[in-house]
Each structure stands twice: as C-alpha cells, then as structure tokens.
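Data block below; observations after.
The values are calculated or read from the model by the stated rules, or taken from the named source; none is laboratory data. A quick note: this is a predicted structure, and the numbers were derived from the prediction, not measured. Here the Cβ positions follow ideal geometry from the backbone for every residue, glycine too, while neighbour counts run over all protein chains shown. Only protein heavy atoms, including side chains, enter the accessible area calculation; ligands, DNA and RNA are left aside. Shrake-Rupley method; radii C 1.70, N 1.55, O 1.52, S 1.80 Å.
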Amino acid sequence: MQGLRISFGCLPPECERLRAEVRAFLAEHMADVPVARRVRNWAGSDPAFTRAMAARGWIGMTWPKRYGGHERSSLERYVVLEEMLAAGAPVGAHWVADRQSGPLLMRFSPEVLAPRYVPRIARGEAFFCIGMSEPDAGSDLAAIRTKAVRRGDGWVINGRKVWTSRAHRAHYMIVLVRTGAPSDNRHAGLSQLLLDLQTPGITVRPIVNQLGDHDFNEVTFDDVVVPHDHLIGAEGDGWKQVGAELAFERSGPERYLSSTQLLLEMLNAADADDPRHAVALGRVVAQYATLRQMSLGVAGMLARGENPALPAALVKDQGALVEQGMPDLAHALFGGAIEPDSPFEQAMRYTTLAAPSFSLRGGTREILRGIIARGLDLR
Ligand SMILES: Cc1cc2nc3c(=O)[nH]c(=O)nc-3n(C[C@H](O)[C@H](O)[C@H](O)COP(=O)(O)OP(=O)(O)OC[C@H]3O[C@@H](n4cnc5c(N)ncnc54)[C@H](O)[C@@H]3O)c2cc1C
C-alpha cells in the first residue's frame, strides 16, 4: 500500500512562515496524542493547550492591541485555524470566545465589557458558551421564553436553555433573553447579557450525546441576577446582534474541517495504484480545496467588515454535506479491510456518530438553505 499525498495552493509568504511555526508547535504538543482524541477536533477541550496557544499570540489574532489582540491579518488567523483543525488539536476551550464572543463584545460593548473581558480571552483565561437554543426554540430563535427583568440590583433572569455546548467548562455565557413585552414584531424585545456562570441560581445539567460524551447541557436560571452594565449593546437590539454573532459562528473553516482525521486515515490507507481510490479521494480533496477557497473568501469579507451571512451559510451547508459523506465513502472504499480498534476504525466510529450533528449545530441545513434562498431573492 502506498498513501496518497495532498497539497493546496500556498498563501502569502508571511502566512506560510507562520504555518511552519504552527506545525512545529503541533509537533511538540500533539506528538503523543492518539487518533481517538484527535477525532474530537474542536469538540476537544484542554485549557493548558489553550494557554500555550495564547502564549504564542494565536488567540484574538486579528483583534486590536488595546483589547489584548495581536493585529495580525485574517489570512494569518486562517492558517492557524486550519492547521489546528487538520491536526485535531483540542481547541474547544477557547473556540467560541475567539470566534464570536470576543468580536461581539468589541462591537457592541467596546467601552464597558470588551476592555474587561476580551484581554482575558486573548490570554486563554476566559472561556465562553452560547446561550441561544431553548426546549421549544431552536431554528425559530425568536420564540425564546427565557426572560430578564430590570430590577434595582440588576437584570433578573428566569428560564431554560438547552444544547449549551461546554457550559460545564465555560466561565461565561452570552445569553439571549426576552426583555420586552410580547408584541406583533416577534424580533423586538430581545437582548443579550453577559453572564458569569458561577452566579447563584444557575444549574448546569449534562445532556449525554449519542457518542456517550458529555458535551452539551441544559442550563436553568432561577432568579439569576446580572449587573445592569452586563447588557451587551442596546436593550431590544438582541435580534440584530444575534444575526451578527451567527455570521461569525457559521463562517469558519471548522465547518468543513471536522472530519479531517478520517480523511487522513483514508489517504494513508489508499493504494495509489487503485483507480477507485484515486478517483474517489481525488474528488473529496477537490471538494476540500473548493470549500477552502470559499471559506477564505468569507474570512476576507469578515476582515473588511462586510456581512458574510449568505456565503457563510453556503460554506457551512456544503461543508456539512461533504463531511457527512465521509463515513459512507470510507466504508465503500475500505469497509472489510479496516482493522478493529485501529486508528482508522476509531476515526470511522467517531465520525459516523458525530456526523449527523454537523447539519444541526450552528443552524440546520433547512434554515441555511432558507438564508441562501433569501439571499438569491427566491423568497
Ligand atoms: C452538537 C450541537 C451543539 C450545539 N451547541 C449549541 C450551543 O452551544 N448553544 C446553543 O444555543 N445551541 C446549540 N445547539 C443547538 C442548535 O443550534 C439547534 O439544535 C438547532 O438550531 C436546531 O434547533 P432544534 O434542535 O430546536 O430543532 P428544530 O428547530 O425543532 O428543527 C427540527 C427540524 O425541523 C426543521 N425546521 C425547523 N424550522 C424550519 C423551517 N422554518 N423550514 C424548514 N425546516 C425547518 C429543521 O431544519 C430540523 O430539521 C447545538 C446543537 C448541536 C447538535
């Protein structure tokens, strides 16, 4: 057997120099990490790894120095992200804060909350989770019922969130709440608050997923008091702000690089003289290359301050399709030849069970296609 090798087009020289640094860092920190852990990819969490990345200046890379950022380019940030994801590095502890909480705070609370919290994110000390979905409000986020009422000592929150990834490991949640009375405009009266998860009245209960892992949670709020100044942006602007946050959430390379370990196992096991392998894996690699170009385009839009909602939905939808096809492809090409409990089989098992979530988390396939249709003026 002779493995297949892949390489994509190079980025500017400063990016390729950085890539070499990141690979050296990964060789040092990931050498002994087995495939069974690498497959978890950005679902894997390791605060020590996060702090080591922060020490290299790889969290908050594009942020202004006044917030503890490093003022590097979006392409440089992209290189770090894609190398981490390709290696299956345990970046989950800081992922949400680096991707969306930090940018949200800098944009909507630049003078009050961002100076307090964002430098701690960049130092790898403050981990965030996303409090949007509720038992009867997932795709239809405007249906949320968790309520915050303004009182003398702060906002008082009551309600319940579900599917909150890593709430049991995070320090803070950015929570979407209803602060206004019901009205004909379903999008009115929503706001976002920054919540310290140690505040009395918060209960975090595990929801074990079909892999048997504890990743997401149910979080309940019973008279939880949040200081007045922890309102993010303006009261009632929550719907607009969540839209901006979701564009960050849907736009990154993690939306097509979650199953890299399985692809790498297939490439390692492939027989370069077998045309079936060359054609099928060549097609996947071409799809990766295309998704990468599209994803780089989205990174460029974000860097220019443009709204990438439509292209980000496209990348996420197409990325999920490619990745969800990976276990079937591995089965078709290598089915009987995969050794039980080998790294290949471990990658196969994990990806098979994780893949259905790829077209749910961060917005379902149907919702993304609705956004694409609207962007094309079809609805
Ligand atoms: C791994 C994972 C991690 C997650 N992490 C978080 C997190 O950290 N924080 C958080 O807040 N949420 C999180 N979620 C929740 C996720 O955002 C929701 O599952 C998702 O938005 C869908 O909501 P729902 O589960 O309520 O499904 P529903 O909205 O009830 O949808 C059920 C089905 O109906 C379809 N559907 C719904 N509305 C329409 C429509 N208008 N048109 C066509 N079809 C429609 C959907 O596409 C879907 O197939 C996570 C989910 C997963 C799987």
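Between A234 and E339, what FRET efficiency comes out of the Förster formula 1/(1 + (r/R0)^6) with R0 = 41 Å and r the beta carbon distance, rounded to 0.05?
According to the calculation, E is roughly 0.10.
Computing the accessible area with a 1.4 Å probe over protein heavy atoms, can you report the carbon and sulfur percentage for the chain?
53 percent
Kirkwood hydrodynamic radius, the chain, all distinct C-alpha pairs: what's the number in Å?
For the chain, inverting the mean 1/r across all distinct Cα pairs yields 21.6 Å.
Select from region 261-323 those GluC sites (Glu not before Pro) which occupy a DSSP coil region and have at most 14 other Cβ atoms within 10 Å, ordered by residue number.
Qualifying residues, ordered by number: E306.
Within region 250-327, list the trypsin sites (Lys or Arg not before Pro) lying in a DSSP loop whose Cβ has at most 15 other Cβ atoms in a 10 Å radius.
Taking region 250-327 and a limit of 15 other Cβ atoms within 10 Å, the loop trypsin sites (Lys or Arg not before Pro) found are R304.
Along the charge dipole of region 256-379, pointing to its positive end and built from +1/-1 on Cβ of Lys, Arg, Asp and Glu, which listed residue (S359, N307, A332) has its Cα farthest out?
N307
Under 20 Å from a point 7 Å along the Cα-to-Cβ line of E111: which residues of region 197-228 have their amide N that close?
227-228
Please calculate how many Å² of accessible area the chain carries per residue, with a 1.4 Å probe and no DNA, RNA or ligand atoms counted.
44 Å²
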